[in-house]
1. Given a Förster distance of 56 angstrom, what is the FRET efficiency for residue A:2 paired with residue B:102, based on the Cβ-Cβ distance and rounded to 0.05?
2. Under 8 Å for C-alpha pairs, at least 6 residues apart: give me the relative contact order for chain B, rounded to a whole percent.
3. Looking at the P(r) of the protein assembly as shown, how many percent of alpha-carbon pairs lie beyond 27 Å?
4. Mind giving me the FRET efficiency for residue B:35 and residue B:1? R0 is 41 Å, r the Cβ-Cβ distance, nearest 0.05 is fine.
5. Tell me, what is a quarter of the convex hull surface for the C-alpha atoms of the stretch A:2-156, in nm² with one decimal?
6. Between residue A:37 and residue A:121, 0.36 nm times their residue separation minus their Cα-Cα distance comes to what?
7. Could you calculate the FRET efficiency of residue B:14 with residue A:97 from 1/(1 + (r/R0)^6), where r is the beta carbon distance between them and R0 is 22 Å, rounded to 0.05?
8. Give the separation of the Cα centroids, the stretch A:53-70 to the stretch A:77-107, in Å.
Amino acid sequence: MERSEFNNGLRAGLSIAIGYFPVALTFGLLAKTTGLSLFEATAMSIFVFAGASQYISLSLITAGVDPLLIVMNTFIVNIRHFLMTASLNEKMQPAPKPIKAAYAFGVTDETFSVIATSKQDKVSSAHAFGVIAIAYGSWVVFTALGHVIGANLPLFLQAAMSIALYALFIALLVPSMKGNRKVVLLASVAALLHCFFYYTELLSTGWAILASTLLSSIIIELVYSKYGRAPIPVVEKEES
Amino acid sequence: MGPTYWWMLFGMALVTYIPRMIPLTVLDGRKLPPLVTGILSNIPFAVLGALIFPAVFYVQEGNFLFGLIGAATAFLIAIFGFGLMTVVLGTIGVLAVYSLFM
């Protein structure tokens, strides 16, 4: 019973593993161009397992941002998982706390979406472990592979690669912007605030990103709650 | 990168794990105020805006056009509904051609 539940989880998670392939590969490539060793890059995927914040940390490392600020930015970007595990808690079968604490590590935007939309009324811990195991395996293995490939790229390509991170951010943002004015506003206000902090040299990069993100999220939410519009659902299409 | 990197990694792992773990264990079933959930769900979109601008224009030092072409290409490919990898590779392709001929 437990074993077949785990296998069902593996099958359900296969689409995530395939989806992670290019994203993890790109992360490995970029980590290489940022100057991380194979060991350092793979370790980040092993211990953090949160794509967006891993990518962000690369751009902050390149900008020479204080490591403590990188950690704070990681926190701000990843507190959204709080929402996901809070809602997942309703969907999961009761289990001892150490078991729940263990699969909590593997809750990403994608594993959350797959587990939360599962047809079963209540999802077993074994099923969740299956989904997470295959997604996590793909994330770690393809990070390492991407780093190895990155070491063998010609120079003119490595120069063009410097845009990759931003192209990825744009690719993540644009689908959510379509037909959703709130998302457009959130991104634009944060972008304008960051430009303001950048050109006035009021704050350094790490603080500026932190402040623009929080200010935009709070201002737009206050405006929307004042005019009584429904909040947008939790982001679905974003890597790990 | 040295020991600082490993301390940073440890910090990143910790602050990523805590928000994943608390609702499943400590809170177990308690509800958050709607304003807080609203703000939390806004963060992913706001952070992307702040990350892209203005940094995208400065990816190549002293070459504003390089970043501008890259950003425009990425937006264009993404608007047409292509996936992550197509947007990333397409943009790299356009800029690789630009770097070869300019």
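Where a number appears in this text, it was derived from the coordinates with a stated rule and is not lab data. Worth saying up front: this structure is predicted, and the values here are computed from it rather than measured. With ideal geometry, Cβ positions are generated from the backbone for all residues, glycine too; neighbour counts draw on all protein chains shown.
1. 0.40
2. For chain B, the relative contact order is 13 percent.
3. It works out to 44 percent of all Cα pairs.
4. That gives a FRET efficiency of 0.55.
5. Mean shadow area of the hull around the Cα atoms is 9.9 nm².
6. 25.8 nm
7. The computed FRET efficiency comes out at 0.75.
8. Spelled out, the Cα-based centre of one part sits 27 Å from the other.
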